[in-house]
1. What Rg and what Dmax come out for segment 25-154 when only alpha-carbon atoms are used, in angstroms?
2. Leaving out same-chain residues fewer than 8 places away, which lysines sit with a Cα under 26 Å from that of K145?
3. Can you put V135, V101 in order, fewest other beta carbons within 10 Å first?
4. Based solely on its DSSP helices, what 222 nm [θ] is calculated for the chain when runs of n ≥ 4 H residues each add -39,500 (n - 2.57) and the sum is averaged over all residues, nearest 500 deg cm²/dmol?
5. So if I place +1 on the C-beta of Lys and Arg and -1 on the C-beta of Asp and Glu, and nothing else carries charge, what would the dipole magnitude of segment 15-154 be about its Cα centre? I want it in debye, nearest 20.
6. Can you give me the span-like helices of the chain, meaning DSSP H runs with 15 Å or more of Cα extent along the axis and Kyte-Doolittle mean at or above -1.0?
7. Can you work out the FRET efficiency for the pair R41 and T97, with r the C-beta to C-beta distance and R0 = 41 Å, to the nearest 0.05?
8. Given labels modelled 7 Å from the Cα in the Cβ direction, how far is it in nm from T151 to A139?
Amino acid sequence: MSKTLEATIEIAAAPEQVWAVISDLKRMGEWSPQCRKMIVRGGAVGSGTTTVNINRKGLLVWPTTSKVIGFEPGRELRFRVNENRTIWSFTLEPTETGTRVVQRREAPTGTSKLSQKLVEYVLGGADTFDDELVVGMNATLARIKNEVEATATV
């Protein structure tokens with residue numbers, strides 16, 4: 001079973017302004033160092049929306065697909081990656097100075113055997129890969145913060 005990974009940041013903007021950026025999954029490649037592109041299938045992002053994702057680590061590039069399983073505007077966005085069963089989420093909480101954003105990667109039912117083997121033999125092992133994911137999550141949140149704060153109207 002994979003451990004839950006988490007990163008948190010404070011953004012000096014209202015939750016609605018943060019939500020407008022986070023819920024635009026087509027832009028995920030601008031924020032995430034690993035998920036280089038999310039192709040949203042269908043119309044506007046909402047519960048049930050599916051995506052095709054292009055991930056990259058160094059020279060290694062691999063596709064995944066995901067489905068939005070939680071969509072509460074201004075509060076939470078959750079999607080499950082089909083290939084490894086992980087759940088990624090962004091939770092927004094209003095604060096006195098703006099919004100706290102928590103990004104999590106959970107695997108409540110564990111990850112797939114194929115994913116475990118790929119992480120072990122191709123991506124440097126679970127501990128190393130988890131550490132890299134947390135660094136990437138912090139980078140993602142920092143990029144979102146910079147984008148939102150540059151255009152925020154507090």
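1. Rg, Dmax (Cα atoms, Å): 15.1, 47.
2. Filter leaves K3, K26, K37, K57, K67.
3. Numbers: V135 13, V101 24.
Lowest to highest Cβ neighbour count: V135, V101.
4. -9500 deg cm²/dmol
5. Magnitude of the dipole: close to 600 debye.
6. Correct list, ordered by number: 126-151.
7. The value I calculate is 0.65.
8. 2.3 nm
Read-outs throughout are calculated quantities, based only on the coordinates presented, and are distinct from any laboratory measurement. In this text, all values refer to a predicted model and were calculated from it rather than measured experimentally. Every residue, glycine among them, receives a Cβ derived from its backbone with ideal geometry; neighbour counts consider all protein chains shown.
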